[in-house]
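Bear in mind these aren't lab numbers, they're just calculated from the coordinates by the rules spelled out. Given the structure is predicted, the values throughout are model-derived calculations rather than measurements. Cβ: placed from backbone, ideal geometry, glycine included. Neighbour counts: every protein chain shown.
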Amino acid sequence: MILTSSFSFGQNISSSNYASVISIEELQKHLTIIASDEMEGRETGTPGQRKASAYIENQFKSIGLQAPKQLNGYQQFFSLNQDTALKDSLTINGEIKQYGIDYIGNVTLNSTGVFASDSIVFVGYGIEDDAYNDYINKNVTGKVVVFVSGEPKKGKKYLINPTGKKSDWTSSGLSKKMELAKLKGAVGAIYINLLQDNFSETIIKKSLFSDLNYVDNQEVSQKVNCISISHSLATKILGDQFDDYLDAANKGNLLNEITVEKAAKIEYLFAKKTKNILASNVIGIIEGTDKKNEYVVLSAHYDHLGKKNGVVYNGADDDGSGTVAVIEMASAFAKAKKEGHGPRRTIVFMTVSGEEKGLWGSEYYSNHPVFSLENTSVDLNTDMIGRIDTERKLSDTLNYVYVVGHDKLSSELPIINEEANKQHTKLTLDYKFDDPEDPNRIYYRSDHYNFARKGVPVLFFYDGMLLADYHQPTDDVEKINWPLYQKRAQMIFHTAWEIANRDEMLIRDKPLPVGNR
Ligand SMILES: [Zn+2]
C-alpha cells in the first residue's frame, strides 16, 4: 500500500508542514473559553449552547472557512419541542377519574384531541409481528384497546427477536404500540405498565411537562392517544381476571388467546401547548480542488450537560477537547489552502449539538445531509481526547489514544490511520473498545454512529475517561494533559490530510455493523 499525499505539485508538501499550527497555546486559548462558566455548560437548547455556537461560528469565519451554500450561514438548525399539558381529563361510565391516582397521560406522545368509545378490548401486549400477533381475530374499530407493557417470551428467551433478546416492542414500545392501535382502527389506548402499580411524583410531573425533545418532522407518525392506568383501575375495568393477566404477562406468557371485550363508556380529553426551540450544528468548509464534490467530515459535539443546582458542568474534555480540535484542524487546513496546498476533497468541519441528549444533531445531519453521504469518504469523530483514562494500568503506556471503528465498514481505515500515526505522531493506537464484547458499546455512543449507520466509514478517537470526572462538574480545563491532547489532535489531522488527498475515496468493503443504540 503506497501512501503518498500525491497532490503536491512536485514540492514536498505534506501534512507535517502544517501540523504545528495545532499548538498547545491555541488549544489552551480556545478550550479555556469553551469550557468557561460563561458558556453555562453548553446544554442543548439553552443560551449556553447558543453562546458556544456563536463562538465557534466566529472562529470558523476568522479562520476563513466558507459557510455551506445550502445553509443560510454556518448553522444548520434543527427543531426541539417542549410540551406542557393544558387539559387532561378521563371519564369512565360517568365517573371522573383522578389524575395521578387512577391514571396519567403522556404529554410527549399524545396530541391535542378527544377520544370516546362505548367499549374496550384487551389486546394483550398490543403487538403485531411475524412471530406473534395480539390482534388476530379481534375487531377494535372505533373502540379503545387495552394493552400491557413488555412482550412475550418462549422459555427464558424473548419470542419476537430471533436473537432471543428484547425487541423494539419493548425499547420503543409504547409509541410503536400506539401507532399499531391507530392502524388497526382503534380510537384510543389504555396502557398498563406491569412494573408501575401507581404513579410517583416525578412520573406525574413528566407526564404533564416534558423535557426538550428532538422531533424529526419526517418521522412524525400517526398514533392514537394513550393513557396509563393504575393496577387498581385496571381491575375495575377488566374485572378480577386482571390479576391473572398480570401474572401471565409478568411471566412473559402468550396473551393473544385471551379475548375480553367490555362495555364501558369512556371519554378522554387532552390538550397541550408545544414550545419550539431551535438548536444547531455549526458547519464550515474548505472547498476541495479537483475532488471538491467528495467530502471528509471532521466532527465533534460542542454541547454538554448545562447547569444543575447552580453548578456549571464545563465539559472541558467532553467534548470541549474535540470541538477545539476541530477548530484547530480547520486552522491548519486553512493555512495550507492559503499557501496553495489546499485539500483535493472538500473538508467539512462540523461541531454538533444534542449529543448528550441522544446524538440529536448528528442524527439530524445524517437524515438531512448538507453534503452527499454517498460521496463522504470518512467521518473522523472526536469526543474526549484531552485526558488520560484513570483505568489504564501502570504497565500500559500513557502515550495512547483509543481508536474505535477501525475494523468496520472499510478495510482501508486502519491502514491509513496507522501509517499516518507511524510517520508523524507515534501514539499507541488502542483498539480495546472495538471488541464486540466490550460492555461500554462505545461504537454506538457518539456522533460517528449516525454516519456509520448510513454506510460512511468512521473512526472515532477517544481517551477512554469513563470514570473520574466523566459527566461531573469537575471535568475542567485544569485537568487537560496538553502535550498528549496536542499530539492526538495532530494525529487526526495527519489522517484527515491523507484521506482528503489520496486518489480514491475509502472503499466500503465491510458490512454495516449489527446492533443499535
Ligand atoms: Zn461526549
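Give me the percent of DSSP beta bridges within the chain that run antiparallel, rounded to the nearest 5. If you can, show how the numbers build up before the last one.
Numbers: 47 of 81 bridges.
For the chain, the DSSP antiparallel bridge percentage is about 60.
Note down, for region 425-470, the three equivalent ellipsoid semi-axes (square root of 5 times each alpha carbon gyration tensor eigenvalue), biggest first, whole angstrom.
On the way: eigenvalues 72, 44, 26 Å².
Over the Cα atoms of region 425-470, the semi-axes work out to 19, 15, 11 Å.
Measure off 7 Å from each Cα along the Cα-to-Cβ vector at K393 and E179, then give the distance between these two points in nanometres to one decimal.
4.6 nm
What do you get for trypsin sites (Lys or Arg not before Pro) in region 87-194 restricted to DSSP loop and a cutoff of at most 14 other Cβ within 10 Å of the site's Cβ?
Hits after loop and neighbour filter: K156, K165.
Excluding same-chain residues fewer than 8 positions from K479, which lysines have a Cα within less than 18 Å of its Cα?
Those lysines meeting the cut-off are K29, K487.
So if each residue of separation counts as 0.36 nm, and I subtract the Cα-Cα distance between T112 and K262, what length gain in nm does that give?
51.4 nm
In degrees between 0 and 90, to the nearest 10, how far off the longest principal axis of the chain does helix 242-251 point, with axes built from Cα atoms?
Rounded to the nearest ten degrees, it is 30.
Taking a quarter of the surface of the convex hull around the Cα atoms of the chain, what do you get in nm²?
Taking a quarter of the hull surface, the average projection is 25.9 nm².
Would you mind checking the tilt of helix 47-63 against the longest principal axis of the Cα atoms of the chain, expressed as 0 to 90 degrees and rounded to 10?
Helix 47-63 sits roughly 30 degrees off the main axis of the chain.
R0 = 51 Å: FRET efficiency of Q423 with Q222, Cβ-based, nearest 0.05?
0.35
Note the angle between two axes, namely the Cα long axis of helix 24-34 and the longest principal axis of the Cα atoms of the chain, as a number of degrees from 0 to 90, rounded to the nearest 10.
Roughly 30 degrees, rounded to the nearest 10.
Mind checking the full-extension length gain between K275 and I13? Use 0.36 nm per residue of separation minus the Cα-Cα distance, one decimal, nm.
89.1 nm is the gain from fully extending K275 to I13.
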